Amino acid sequence: MKKTYLIVLFFAVSLVQLHAQKTSSFYVDIGGGFSSFQDVKYSNVKYNGFGGVFGLGYLKENEKAIWGINLQGIVTTEKAATHDNTVSTYNPMLQAKYLHRIKENLFIGATWDVLDLYAKNFDGLGNNSAYNVTGSTLWASAIYDYKKFRFGLDLGLVSYFKESTGFAFSASQNVLENGDFDYQNDKIDSPFAFKYYELRTIPRHFQVRTSIRYQLSNRFSVGYKWHLRKFSEVKKYPVTYGIHSLSIRYNIFKRTK
Amino acid sequence: MKYLKIKMGLLLFLVVFSSCEKALMEPNPKTDALAVFDEYTTLVQEKYAMLEFKNVNINTLRSNLRGKINATTTQKEFFEILGEVTKSLRDGHSSLIEDQNNPNGMSISFDLEEGYPVGIDAAILVNNYIGNTVNSEIKTLSGGQGFRAVWGTLPQDRKIGYLWIPSWNVEISDDEIERIFLDLKDTKGLVFDMRTNTGGDPALATKFASYFTNKPIYNGFERFKTGPGPNDFSDSHITLQPSGSANKYLKPVMVLTDRNVYSASTTFLYSVDPVESIKTVGQRTGGGSGSVADGYLANGWYWSLSTSEFIDAQGRHLDDGVDPDIPVVLNLEDTTKDEVIERAIVELQ
């Protein structure tokens with residue numbers, strides 16, 4: 001699987017190198033985030049909280065397309081809505097995107113979350129203290145430019161992922177349902193054990209992401225992003241989470257040819 | 001004016017989208033006593049894996065207890081009513097705790113030792129078998145709550161090895177495990193003291209178990225709750241794979257047991273149970289064969305429940321414990337010897 005990722009990434013990078021360059025930028029994002037979470041398998045109580053966002057990336061744009069890679073991380077501390085217990089949330093993500101210019105200010109294409117690791121640590125719990133959803137998602141993406149604004153919309157098409165916790169135990173639901181549980185099987189606890197990954201599409205696995213960015217100057221821009229994910233590996237017991245971030249982007253370099 | 005529009009636009013965008021995921025979530029549950037009672041009994045009904053084996057009719061229990069809750073019910077009374085459900089499970093893995101950060105808070109869990117004699121006396125053990133003054137050949141791995149492992153030979157017979165793992169809730173590296181078994185390799189038999197070991201990491205217990213066989217052993221199956229329905233179970237059949245180590249211990253072993261042999265220690269016992277050269281000596285074990293899930297109720301009270309159980313190769317449900325092959329009770333009046341160890345030595349000689 002790792003090989004497949006590298007090959008696809010190589011071809012994506014090679015393809016866009018063929019295009020004439022117009023603008024390229026290497027940037028860093030820093031800001032704040034707000035996240036919320038609910039796992040109905042264990043409780044209907046919602047968790048909400050604030051934290052920080054950090055990211056860096058590379059973006060190229062010419063008359064035909066936009067492409068870029070982005071590495072971002074979000075860390076928040078959420079508190080339960082009805083009691084005082086908290087959960088720490090970590091969400092590092094590596095993305096690559098390619099969008100073709102349809103009109104002067106409209107781009108359509110795809111974003112690939114090469115690696116999306118959504119991890120939580122619930123204070124005070126034992127076996128259920130650690131929760132994570134690890135995987136990769138392919139999105140249909142659109143970007144629309146209006147004056148100094150750039151609006152983005154991503155719709156999750158297909159996700160290949162593993163949820164660490166099943167209906168009643170801290171092992172993936174398919175591990176338990178398939179009778180694969182075994183303490184000598186190290187893969188069960190590994191977030192990167194592809195054997196237990198599932199391929200899910202909408203509507204069972206719904207993901208949407210929006211963004212709005214305002215260019216303040218050649219160097220600075222301010223952006224807002226929202227990511228919603230809702231899925232259920234156990235029917236009628238969905239996991240829902242949302243992450244909002246507001247960040248300042250600083251272009252370490254931005255060149256236009 | 002221009003920036004005001006931008007700010008207003010951004011604010012509107014934030015407000016609209018920040019509530020979007022919440023619209024897709026279930027509403028927060030109520031936190032009044034009846035709602036929490038319903039939440040807990042539903043969790044037990046849907047997640048607890050042994051209602052039938054423990055002979056618990058959750059519907060009857062629910063209807064009997066729910067009527068006791070009214071507007072005048074105090075917090076303490078309510079906790080006790082809810083605790084009746086926990087107690088009915090007779091399960092050391094299932095507990096209810098009011099506030100984990102408050103040691104004086106209310107809590108309910110099953111007392112494994114109630115009705116059973118004491119299984120081990122640390123002073124007798126140290127003064128006659130493993131203390132430095134009586135046994136200079138004992139080695140230890142420090143850490144945990146004292147020692148992670150104690151091993152060596154016994155002064156009563158230097159050809160008999162002794163190994164005590166007080167808890168599986170520690171980390172013992174592969175190299176450390178190798179060192180232990182290398183040191184014990186030349187003994188003619190082993191006393192594996194598992195008394196007081198209430199569990200921890202079952203994977204570590206299984207790793208130790210893998211040193212006691214040179215061929216795969218079918219252990220039975222772990223039956224997991226996989227959905228809310230009464231028949232939503234799935235069985236994971238377990239076969240213990242032998243360690244690849246050259247220091248496997250294939251000679252006779254006496255495993256010392258008491259009521260605190262629980263959880264991951266039960267994992268160890270069922271893993272090696274089919275090995276004919278391994279016998280248990282002491283008291284009935286505590287059981288705790290299942291895996292545990294935990295969480296918080298809407299009012300913040302902590303719960304834990306067994307969401308699986310283990311049924312061994314003989315078809316025995318192990319959760320209530322297993323009688324030893326050789327029952328021996330400790331005589332606390334006689335501080336010069338530990339009857340359980342002495343009996344194990346006799347069996348190995």
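Observations
- Summed residue charge, Cβ within 15 Å of A:ASP123's Cβ, Lys/Arg positive, Asp/Glu negative: -2
- Projecting the Cα atoms of B:LEU182, B:TYR129, B:THR72 onto the charge dipole of chain B (Cβ charges, centred on the Cα centre) puts B:THR72 farthest toward the positive pole.
- Distant-in-sequence amide H partners of B:ASP319 (H built 1.01 Å from N, under 5 Å): B:SER289, B:PHE310
- Comparing A:GLU163, A:GLU198, A:GLU177 in a Gaussian network model of chain A (Cα springs below 10 Å), the most mobile by mean-square fluctuation is A:GLU177.
- About the Cα centre, charge dipole magnitude for the stretch A:66-166 (Lys/Arg +1, Asp/Glu -1 at Cβ), debye: 460 debye
- Carbon and sulfur %, accessible surface of chain A computed with the full protein complex present, 1.4 Å: 63 percent
- Accessible area buried by the pairing of B and A, both sides summed with a 1.4 Å probe, works out to roughly 4400 Å².
- Förster radius 60 Å - calculated FRET efficiency between A:ILE248 and B:ASP111, Cβ distance, rounded to 0.05: 0.55
- For the protein assembly as shown, alpha-carbon Rg over 2.2 N^0.38 Å: 1.16
- Per residue, the accessible area of the stretch B:241-280 comes to 32 Å² when a 1.4 Å probe rolls over the protein heavy atoms.
- Using the Karplus relation 6.51 cos²θ - 1.76 cosθ + 1.60 with θ = phi - 60°, the per-residue 3J(HN,Hα) values for the stretch A:60-67 come to 10, 9, 9, 6, 9, 7, 10, 9 Hz, with x marking Gly and Pro.
- Kirkwood analysis of the Cα pair distances in chain A returns a hydrodynamic radius of 19.4 Å.
- Simple point charges give the picture: +1 on the Cβ of Lys and Arg, -1 on the Cβ of Asp and Glu, and for the protein assembly as shown a dipole about the Cα centre of about 4560 debye.
- Per residue value of the accessible surface for chain A (all protein chains in place, 1.4 Å probe), Å²: 45 Å²
- 10 Å-binned pair-distance histogram of the stretch B:76-167 (Cα, whole percent): 14, 29, 22, 20, 13, 2
- Between the stretch B:190-241 and the stretch B:272-322, the Cα center-to-center distance that results, in Å: 9 Å
- Taking every alpha-carbon pair within the stretch B:86-225, the share separated by more than 25 Å comes to 42 percent.
- Beta bridges assigned by DSSP with both partners in the stretch B:203-349 are antiparallel in approximately 70 percent of cases.
- Sites B:LYS87 and A:PHE26 - FRET efficiency at Förster radius 41 Å, r taken between beta-carbons, to 0.05: 0.05
- The label point for A:ALA140 and the one for B:ASP38, both projected 7 Å from the Cα toward the Cβ, are 4.0 nm apart.
The values are calculated or read from the model by the stated rules, or taken from the named source; none is laboratory data. Remember, predicted model here, so these are calculated numbers, not experimental data. Note that each Cβ is placed from the backbone with ideal geometry, even for glycine, and that neighbours are counted across all protein chains shown. Keep in mind that these areas ignore ligands, DNA and RNA; they rest on the heavy atoms of the full protein, side chains included. Shrake-Rupley method; radii C 1.70, N 1.55, O 1.52, S 1.80 Å.
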